[in-house]
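Report on the following structure.
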Amino acid sequence: MSPEPVVDVRDPAVLDDPMRGYDRILAESPVCWARLPGGEEGWLVTGSAEVRAVLTDPAVRNDPAGLPGRGAQTQEEAFLALGTPPEHLPYLRASLLSLDGAEHTRLRRSISHAFSASRVAVLRPRVQQIVDELLDGLGATANLLDEYAYPLAMAVVCELVGVPEADWADWYRWGKVLVDGDPARITPTLGEMFAYCHDLVDRRRAGPREDLLSEAVAQDDLTDVDAVALVVFLVLAGHETMAHLLSNAALALMRDPAQLKLLHAEPQLWPAAVRELVRTDGPVQLARLRYAATDIEVGGARIRAGDPVQAVLGAANRDPARFACPHHADVRRQAEHGAREGSVGFGWGPHFCLGVALAKVEAEVALRSLFERFPAVTPVGEPAWVPLPRARHRVALAVRLR
């Protein structure tokens with residue numbers, strides 16, 4: 001028998017302020033039985049050490065197929081229950097987020113070279129160019145999310161992947177539909193995306209260019225379904241979270257003049273500042289739901305095979321057992337870590353963010369350029385937040401630049 005849920009993640013006390021809500025849960029227990037965002041019961045893991053243990057344990061899987069209990073319902077069955085057409089399932093099954101073990105490693109390895117630190121360094125001048133053009137176009141007041149963060153994130157990831165600029169608006173629209181979560185709109189939107197990506201894959205096979213997709217389709221073991229799934233994953237993951245990281249981080253710095261003054265005086269601290277802001281103000285609170293493949297013990301809790309396991313990245317990043325003054329962004333804290341990650345803001349283990357090097361460069365260039373160009377930038381009013389248990393996404397961030 002499973003215990004009664006001790007917390008409901010859908011409670012308004014959590015939804016209205018997920019950062020503080022998960023902090024309260026962590027203070028009570030780093031591992032507890034809870035009602036999870038999807039409505040199912042499972043283990044909520046909030047402690048830093050416990051989250052790292054869950055995300056690195058091969059016995060904790062993304063794909064529940066073949067597992068007992070709740071895990072007996074495969075991902076495909078869950079998608080079908082939501083009305084997903086059977087012809088869409090191969091692409092969802094081939095997503096990097098849906099795979100474990102050797103198959104995940106194979107697909108990840110097929111594109112990992114494109115995200116290496118050396119390859120990303122070559123992209124820095126182009127990122128700077130896009131940033132400068134966007135900043136040139138901002139007026140005295142602007143919506144920093146819609147007029148700066150989103151266009152930048154979309155431009156960078158689309159150029160990297162090989163999506164033509166004329167099609168960026170379609171991806172922006174598709175991404176909004178998927179984030180809004182309306183099942184009636186998601187199914188036709190996925191159909192549009194998959195059809196578009198198939199056409200783009202065909203074009204790159206016929207006429208390769210200097211982009212990630214052309215390199216990927218040149219590999220013998222990558223099928224068209226694999227390639228389509230990769231494009232969808234990279235573009236959606238690469239622009240949505242990046243845009244909200246920039247928005248969150250910019251607001252945090254505007255509200256902390258001391259840290260901003262330090263960065264103006266010591267600009268070499270910007271890389272460390274980005275890592276610290278990912279820790280305190282990252283856009284993703286919850287990792288993807290996982291399932292225990294065998295009985296395991298985490299933080300003193302006995303997790304049974306088939307049990308859902310939800311790791312809370314945001315709480316782990318503010319765990320006082322690991323970080324002194326955990327809610328305060330201190331850029332010198334990350335500088336002391338050197339190149340090592342001081343948080344799980346980019347994930348952990350085999351599913352550690354593939355584009356972390358690009359994300360760091362993009363955030364560093366975007367934030368540094370914003371505050372150097374407009375040192376007196378300030379928010380206008382109070383930003384509006386979307387009440388989601390998984391993320392820290394806001395509707396808009398209006399700022400005064402001059």
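Using a probe of 1.4 angstrom, how much of the accessible area of the range 117-248 is carbon and sulfur, in percent?
Working: 3050 of 5500 Å².
It is 55 percent, rounded to a whole number.
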Open item on the list: Hydropathy at least -1.0 by Kyte-Doolittle, axial extent at least 30 angstrom from the Cα trace: which helices of the chain, defined as entire DSSP H runs, fit?
Closed with: 183-206, 224-254
- [ ] Give me the accessible area of Cys158, 1.4 Å probe, in Å² rounded to the nearest 10.
- [x] 0
Task: Gain in span if fully extended, Arg24 to Arg106, counting 0.36 nm per residue against the direct Cα distance - done: 25.6 nm
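Evaluate E = 1/(1 + (r/R0)^6) for Leu89 and Gln129, where r is the Cβ-Cβ distance and R0 equals 56 Å; express this FRET efficiency to the nearest 0.05. Display every interim value, and only then the final one.
Values: r = 40 Å, r/R0 = 0.72.
According to the calculation, E is roughly 0.90.
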Task: Cut-off 17 Å, label 7 Å out along Cα→Cβ of Ala206, residues of the range 218-258 by amide N - done: 218, 224
Open item on the list: Please list Phe79, Phe371 from largest to smallest accessible area, probe radius 1.4 Å, with all protein chains kept in place.
Closed with: Phe79, Phe371
Open item on the list: Counting heavy atoms of the protein chains only and a 1.4 Å probe, report the per residue accessible area for the chain as a whole number of Å².
Closed with: 42
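What is the extension gain from Glu165 to Asp220, computed as 0.36 nm multiplied by their sequence separation minus the C-alpha to C-alpha distance, in nm to one decimal? Walk me through the numbers on the way to the answer.
Details: separation 55, 0.36 × 55 = 19.80 nm, distance 2.79 nm.
Length difference between fully extended and current span is 17.0 nm.
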TODO: Sort Trp270, Trp168, Trp385 from largest to smallest accessible area, using a 1.4 Å probe on the heavy atoms of the protein chains.
DONE: Trp385, Trp168, Trp270
TODO: Might you work out the accessible area of Leu401 for me, using a 1.4 Å probe with all protein chains in place, and round it to the nearest 10 Å²?
DONE: 10
Open item on the list: If you count only protein heavy atoms and use a 1.4 Å probe, how large is the accessible surface of Glu147, to the nearest 10 Å²?
Closed with: 80
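Rounded if a/c is under 1.5, else prolate if a/b is larger than b/c, else oblate: which is the chain, with a ≥ b ≥ c the root eigenvalues of its Cα gyration tensor? Each step should come with its number before you reach the end.
Values: a/c = 1.61, a/b = 1.09, b/c = 1.47.
In terms of gyration-tensor shape, oblate.
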- [ ] Could you pull out which residues in the range 272-313 have an amide N less than 15 Å from a spot 7 Å beyond the Cα of Leu388, following the Cα-Cβ vector?
- [x] 282-289, 313
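The values are calculated or read from the model by the stated rules, or taken from the named source; none is laboratory data. As the structure is a prediction and not an experimental result, all values here were calculated from the model. Virtual Cβ from ideal backbone geometry, glycine too; neighbours counted across all protein chains shown. Remember, those area values only see protein heavy atoms, side chains included, never the ligands or the DNA or RNA. Shrake-Rupley method; radii C 1.70, N 1.55, O 1.52, S 1.80 Å.
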